[in-house]
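The values are calculated or read from the model by the stated rules, or taken from the named source; none is laboratory data. Computed from a prediction, not measured in an experiment: that's the story for all the values here. Note: ideal-geometry Cβ built from the backbone for every residue, glycine included; neighbour counts use all protein chains shown.
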Amino acid sequence: MAWFNSIEVNQFDLHLRVPKASKEHRSGSAHRWITCHEGIKTSDLLSLAPWWRHLNARGADVYFRPHRFAAHKVLFLDDVSDQMSEKIANKYASAVIQTSPNSNHIWLHTSRALERNARYLAQAHLGRLGVSDLGSISGDHLGRLCGVRSYKRGSWVNARMFSTPRPYEAILENKKLGAGAGGVCSSEKNTDSRASASEKDFGIVLRQLRQGVSIETIRNQIFLEAFSRKKSNPKDYTTRTIDKAVAIFNSERGHPL
């Protein structure tokens, strides 16, 4: 938490995803969400460590975020490859948290404090560049705490890198966010309903190209997704999506931030 405190982020929310009791397994997920503490200080979050570690050992996933109703100088990026994480952290002040092999959370230090909606808009800009997962854009998305087990991924969550170069200047549609870009963004389900399926497909393709996934593997994945959505002419749609992403991938110099 020292990295967050160093950029003046000192209020947090703590949430747990816990296994349901056997009598609760009637329908839906085998887990349920618990909103444990919101707006707590760093010292309070750390003092609760014996409790959330105890629950983690019994199957609970442990999540946190900077307090969602506060303006703060950090953006959350999800599902960022190791290579992209290193490029970002070498250029901008970042906390890189490895959640599974070649998949990381990044908490990206920004040059100014952003409200929830401004964070959403800045995340959307980066997501559409293929830097991170468009499905994890909300302005107040939860990330995993370090030093605990991820039962979703079957791996341990570890701090990979903390860097302190210059902060990132948030951008939306190639323009710096204005002073009035704040507001409220509904994100209780932690999904990005405003990103279209096509935008998400494009982001997936570009991210996988950067990760070295073969074109054939990507093509099969996007075609099946388009076919399942009953997309008209899924073969042509797949080709157009991949061609667009390949053009950007081939024209990149370094990384798009």
Check on Val18, in a loop (DSSP other than H, G, I, E, B), on the phi < 0 side of the Ramachandran plot, among the β-branched types (Val, Ile, Thr) and more than 17 Å from the chain's Cα centre (by Cα): no
Out of (1) under 13 Å from the mean Cα position of the chain (by Cα); (2) of a type in the set (Lys, Arg); (3) farther than 30 Å from Thr241 by Cβ, what's the single condition that is false for Lys73? (1)
In this structure, does Arg112 turn out to be touching a strand residue (DSSP E or B) at 6+ places or on another chain (Cβ under 8 Å), under 18 Å from Leu142 (Cβ atoms) and either free of Cβ contacts under 8 Å to residues at least 12 places away in the same chain or of a type in the set (Lys, Arg) (or both)? no
Quick count over the stretch 198-241, residues being surrounded by fewer than 21 Cβ atoms within 10 Å (Cβ to Cβ) and either more than 23 Å from the chain's Cα centre (by Cα) or over 26 Å from Gln83 (Cβ atoms) (or both), is 21
Would you check if Val62 is out of contact with any Pro (no Cβ under 9 Å at 6 or more places or on another chain) and of a type outside the set (Phe, Trp, Tyr)? yes
Which of the residues that make up the stretch 21-49 are modelled with pLDDT of 90 or more and at negative phi? His37, Glu38, Ile40, Lys41, Thr42, Ser43, Asp44, Leu45, Leu46, Ser47, Leu48, Ala49
